[in-house]
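Asker: Dropping the structure in here first, questions after.
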Amino acid sequence: MHQGVRPQMDDLLWTKRSWSGASAYAESKLCDVLLALAVARRWKNVLSNALEPGWVPTKMGGPSAPGNMQKAHVTQAWLATSDDPVARSTGEYFYHQKLREPNPIARDVKIQDELLSECGRISGVPFPE
């Protein structure tokens, strides 16, 4: 969902734009990836990755979603517990235990830092170095 979107840093909370649930969801997923990669870059001793569980038949995904519910959670558990060298990586993006390239914007350090700054402004809590 995060492919093909760009976060609107001046309107992360959607107060200036006309509401679009699908666009807001896609932007939020990109922000999740940006945050995970920023944490991996800034905190070298922390493993931080992002992943895509797939479009699965949940209440949100709907009954016709083609994904497999039995596989949707496996990558999270694998990243958290596995000794596999790939699972012990950081700053990566996964889909079903395989590396996948995220939206290229997610690897843009300037945009990562803009997101951290804007989150700090919104929350009143700056992101620690």
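Asker: Could you tell me whether region 94-114 includes any residue that is of a type in the set (G, A, S) and modelled with pLDDT of 95 or more?
Answerer: First pass over region 94-114, keeping only residues of a type in the set (G, A, S): 106.
Subsequent filtering for residues that are modelled with pLDDT of 95 or more retains 106.
Within region 94-114 (the criterion being of a type in the set (G, A, S) and modelled with pLDDT of 95 or more), the answer is yes, since at least one residue qualifies.
Asker: Could I ask something else about it? Restricted to region 2-11, and to residues that are at negative phi and open to solvent by 40 Å² or more (accessible area, probe 1.4 Å), which residue is farthest from the chain's Cα centre (by Cα)? Before you say what the answer is, go through the steps one by one.
Answerer: If we filter region 2-11 for residues that are at negative phi, which is where we start, we get 2-3, 5-11.
Filter once more, so that each one left must be open to solvent by 40 Å² or more (accessible area, probe 1.4 Å): 3, 6, 8, 10.
Details: Q3: 11, R6: 13, Q8: 15, D10: 19 Å.
Taking the candidates together, the pick is D10.
Asker: Only helices (runs of 4 or more DSSP H) wholly contained in region 31-129 count here; list those with 2 or more residues that are open to solvent by less than 40 Å² (accessible area, probe 1.4 Å) and farther than 18 Å from G4 by Cα.
Answerer: Details: elements: 69-72, 74-81, 109-123.
So the answer is 74-81, 109-123.
Asker: Look at A50 and say whether it is under 19 Å from E114 (Cβ atoms), small (G, A, S), modelled with pLDDT of 90 or more and in contact with a helix residue (DSSP H, G or I) (Cβ under 9 Å, 6 or more places away or on another chain). First the steps, then the outcome.
Answerer: Working: under 19 Å from E114 (Cβ atoms): yes; small (G, A, S): yes; modelled with pLDDT of 90 or more: yes; in contact with a helix residue (DSSP H, G or I) (Cβ under 9 Å, 6 or more places away or on another chain): yes.
In short, yes.
Asker: Moving on to the next point. Mind counting the residues in region 12-21 that are out of contact with any Asp or Glu (no Cβ under 8 Å at 6 or more places or on another chain) and open to solvent by less than 70 Å² (accessible area, probe 1.4 Å)? Spell out how you get there, then give the answer.
Answerer: Just the residues of region 12-21 that are out of contact with any Asp or Glu (no Cβ under 8 Å at 6 or more places or on another chain), to begin with: 13-15, 18-21.
Filter again for open to solvent by less than 70 Å² (accessible area, probe 1.4 Å), leaving 14, 20-21.
Of the residues in that region, 3 qualify.
Asker: Pairs please, first residue from region 54-65 and touching a residue at least 12 places away in the same chain (Cβ under 8 Å), second anywhere and open to solvent by less than 20 Å² (accessible area, probe 1.4 Å), Cβ atoms under 6 Å, 6+ apart in sequence or on different chains.
Answerer: These pairs meet every condition: G54/A72; W55/G61; W55/A65; V56/A65; V56/A72; P57/A65.
The values are calculated or read from the model by the stated rules, or taken from the named source; none is laboratory data. Nothing here was measured: the structure is a model prediction, and the numbers come from that model. Neighbour counts run over all protein chains shown; Cβ positions are idealised from the backbone, glycine included. Side chains are part of the model used for accessible areas, which takes the heavy atoms of the whole protein and leaves out ligands, DNA and RNA. Shrake-Rupley method; radii C 1.70, N 1.55, O 1.52, S 1.80 Å.
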